[in-house]
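The values are calculated or read from the model by the stated rules, or taken from the named source; none is laboratory data. Note that the structure is predicted; figures quoted are calculated from it, not measured. As a convention, Cβ positions derive from the backbone with ideal geometry for all residues, glycine included, and neighbour counts pool all protein chains shown.
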Amino acid sequence: MMKDSNKKSFKPQLHVEDVHKTAIFYRDVLNFTILELSESTNGPKAILERDGFVITFVYGNIQDQLHDQKNKYTGCDLHLFLPSLDEFYENIIRKKVSIIKDIELQLYGNLEFSFVDCNGKNVFVGD
């Protein structure tokens with residue numbers, strides 16, 4: 001199979017302490033599809049997809065990766081742009097996900113909100 005040299009993609013890989021718990025959270029709460037959930041000599045790995053966005057989670061010791069907590073709520077660890085933002089927002093509210101910033105229409109016309117995932121990662125979502 002030949003690679004399409006014009007196809008562009010970005011697949012972030014995030015380190016988490018519990019790959020299985022993270023995969024289940026992203027599947028059950030955020031409606032991602034698990035493409036792969038496997039074990040290897042390097043530890044567990046999960047690859048998930050939603051609306052063409054692919055993300056990989058691998059095992060990593062969070063204590064080794066902590067960043068400056070005073071800036072925790074001014075930035076994000078993951079940035080998603082999704083269609084049907086209202087529906088996505090209502091779904092995670094029903095599932096009692098911790099919201100950092102409620103959904104709000106920005107001056108530039110985008111709906112945006114932020115939440116914390118099961119690993120304490122800040123996830124920013126926009127349409």
Any pair with Cβ under 9 angstrom, 6 or more apart, that starts in region 28-53 at a residue that is farther than 26 Å from ILE93 by Cβ and ends at one that is surrounded by 15 or more Cβ atoms within 10 Å (Cβ to Cβ) and small (Gly, Ala, Ser): LEU35/ALA46; GLU36/ALA46; LEU37/ALA23; LEU37/ALA46; SER38/ALA46; GLY43/GLY60; PRO44/ALA23; ILE47/ALA23
Please work out if THR41 is at pLDDT below 85, under 22 Å from ILE100 (Cα atoms) and not charged (D, E, K, R). no
Working carefully through the options LYS96, LYS3, LYS21, LYS11, find the one that is at pLDDT 90 or above and in a loop (DSSP other than H, G, I, E, B). LYS96
So which residues in region 17-42 are more than 28 Å from ASP86 (Cβ to Cβ) and surrounded by 12 or more Cβ atoms within 10 Å (Cβ to Cβ)? GLU17, ASP18, VAL19, HIS20, LEU37
Residues of region 44-68 satisfying the condition of being β-branched (Val, Ile, Thr) and either at pLDDT below 90 or over 13 Å from LEU30 (Cβ atoms) (or both): ILE47, VAL54, THR56, VAL58, ILE62
Cβ contacts < 7 Å: first residue closer than 13 Å to ASP86 by Cβ, restricted to region 102-116; second residue acidic (Asp, Glu) and modelled with pLDDT under 85, any location; separation 6+ or different chain. Result? ASN110/ASP127; LEU111/ASP127
Counting only residues that are in contact with a strand residue (DSSP E or B) (Cβ under 9 Å, 6 or more places away or on another chain) and in a helix (DSSP H, G or I), how many does region 24-49 have? 3
